[in-house]
Amino acid sequence: MKPWRIRDLAEGDLDQVVRIWEESRDTAADPAVSLAEVVGALRADTPAVVATVGARVVGAAVASTAQERAWVLRLAIAREWRHHGMGSALLAVLEERLSEAGVRRIGALLPEGEVGEQAFKNSGYTYRPDLSYFEKLLSPASAEATLLDQLGGAVPASGLWDGIAGMAAEKELIERRLVLPLEHPEVAEQYRLVPPRAVVLFGPPGTGKTTFARAVASRLRWPFVEVLPYHLADDGGGAADGLRRLFAQVEHLEEVVLFFDEAEEIASERQDPASQAHRVTNELLKLIPEFRRGERRLLICATNAVRSLDAAFLRPGRFDFLIPVGPPDPEARRAIWTRYIGPDRVAGLDLDALVEASDRFTPADIEYAAQTAAQTAFERHLAGDPRTDAQSPRTEDYLHAVGRTRTSLTREDILAFDHDLRAAARV
């Protein structure tokens, strides 16, 4: 009976596995896959097995998969356990896992004479001397640009922050709590102030949560990556797997604003332990602490219903602030109307009437009504209507457009937000 046993790699094995990889190399040549890449793959839940003697890990093998193809990224064995058949045993169990995943071809790339070479030969792997290995190192900036493109992210255009009209109270609060500490980390450190790493923006639909998140990235000049929860499982895996892959990729970005809209889809209150939602929520809870270690990374989650989030997310330690973004008050509506009508045109309008008529309108509702009135005046001009003049559209055009616009917010939405404001806000 063999003195070791082979099992799947567990979460607590990583430190021992890394130590074996660092101590057991047989050549001075750099491996084809760096240690950082292997650790990143492990965090993305790639197939991996370990050999243990008692509680001690003495060997490990890690692979990555792409449809029917897999690559053994690393095979390592503690020196005192060499030449006992452990390498072949690790490969045999790893091959079982890969076969179950639909893999039909397995490859490995390692420096000549490196640990594991004999194990591959003993396990029936074919040596291919006819192949040549090519490698190109991208600069950190190029590598980040490639990764950012894969994530669908980009640095937003400058000026978005200054372009936010109205919502002065929310804007001031977000600037003080988020932007300034991240813009001036050295000053924050003098006062032992830790800049935020993760925040929740909550409020009714259409109140500008996404706009604020994008504007924060614009102000900081950081890349902005927006994630829609239903995209996480697009490649055929589950949402929990998608979360792990996403956070493993984001870890390679030096700075980023990672934005989750509809956060209740991935952070809902845990009820049924066997449900997919329970697994996704658990996974996010495990990933956030690692994300928070990055000094120039900010996670922003937006939700219409903060009360639906799991209670573990609402405690300090995961999210620094729970910031309300409510419906625009009269002063904010006045500023939003002025922005969409144009400062040069509002002087001839009854702006008070527009502000009063647009009660319960979101910024998006006001923009839609302003565009509807502009469309009416535009068509009137092309038709040669004598009522068209330089002041068109007129107050009555805007009021008519308001009457035709279905407001995004109900009275129930506002009551629910008021309840969340009292019960959950942490600013």
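See the values below:
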quantity	calculated
Pairs, first under 18 Å from M86 (Cα atoms) and assigned to a loop (DSSP other than H, G, I, E, B) in the stretch 7-28, second of a type in the set (K, R) and at pLDDT 85 or above, C-beta under 7 Å, six or more apart	S24/R79
Tally, over the stretch 174-215, of residues that are among the basic types (K, R) and either outside the structural domain of F259 (by TED's automatic domain parsing) or buried (at least 19 other Cβ atoms within 10 Å of the Cβ) (or both)	3
Test: R318 is at negative phi, crowded, with 17+ Cβ neighbours inside 10 Å and of a type in the set (D, E, K, R)	yes
The stretch 271-326, subset out of contact with any helix residue (DSSP H, G or I) (no Cβ under 9 Å at 6 or more places or on another chain) and assigned to a helix (DSSP H, G or I), residue farthest from A217 (Cα to Cα)	H278
First in the stretch 115-135 and in contact (Cβ under 8 Å) with a residue 60 or more places away in the chain, second anywhere and part of a loop (DSSP other than H, G, I, E, B) and among the hydroxyl-bearing types (S, T, Y), Cβ under 6 Å, 6 or more apart	V115/S24
Test result for P111, closer than 22 Å to L298 by Cα and either touching a residue at least 24 places away in the same chain (Cβ under 8 Å) or of a type outside the set (G, A, S) (or both)	no
Residue list for the stretch 40-56, restricted to those being surrounded by fewer than 18 Cβ atoms within 10 Å (Cβ to Cβ) and without any contact (Cβ under 8 Å) to a residue 40 or more places away in the chain	G54, A55
So L160, is it more than 28 Å from R297 (Cβ to Cβ) and among the aliphatic types (A, V, I, L, M)	no
Among (1) more than 15 Å from the chain's Cα centre (by Cα); (2) more than 29 Å from S408 (Cβ to Cβ) - the single one A277 does not satisfy	(2)
Subset of the stretch 106-146 (residues that are among the acidic types (D, E), in the same structural domain as A32 (by TED's automatic domain parsing) and assigned to a loop (DSSP other than H, G, I, E, B))	E112, E114
Test: V57 is of a type in the set (A, V, I, L, M, F, W, C), more than 21 Å from A32 (Cα to Cα) and assigned to a strand (DSSP E or B)	yes
Matching residues, the stretch 148-158, being surrounded by fewer than 17 Cβ atoms within 10 Å (Cβ to Cβ) and either aliphatic (A, V, I, L, M) or in a loop (DSSP other than H, G, I, E, B) (or both)	G152, A154, V155, A157, S158
Some residue of the stretch 37-46 being within 22 Å of N122 (Cα to Cα) and assigned by TED's automatic domain parsing to the domain that holds V115	no
Condition check for T46: in contact with a Lys or Arg (Cβ under 7 Å, 6 or more places away or on another chain) and either assigned to a strand (DSSP E or B) or under 21 Å from G102 (Cα atoms) (or both)	no
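Each row is one residue, and each column tells you yes or no for (1) on the phi > 0 side of the Ramachandran plot; (2) β-branched (V, I, T); (3) surrounded by 16 or more Cβ atoms within 10 Å (Cβ to Cβ).
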site	(1), (2), (3)
L91	no, no, yes
R104	no, no, no
K136	no, no, no
L160	no, no, yes
G166	yes, no, yes
E172	no, no, no
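For (1) surrounded by fewer than 18 Cβ atoms within 10 Å (Cβ to Cβ); (2) in contact with a Ser or Thr (Cβ under 7 Å, 6 or more places away or on another chain), each residue gets a yes or a no:
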position	(1), (2)
G326	no, yes
L351	yes, no
V355	no, no
S358	no, no
A374	no, no
I414	yes, no
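The values are calculated or read from the model by the stated rules, or taken from the named source; none is laboratory data. Just so it is clear, the model here is predicted, and its values are computed rather than measured. Cβ coordinates were reconstructed from backbone atoms using ideal geometry, including for glycine residues, and neighbour counts include every protein chain displayed.
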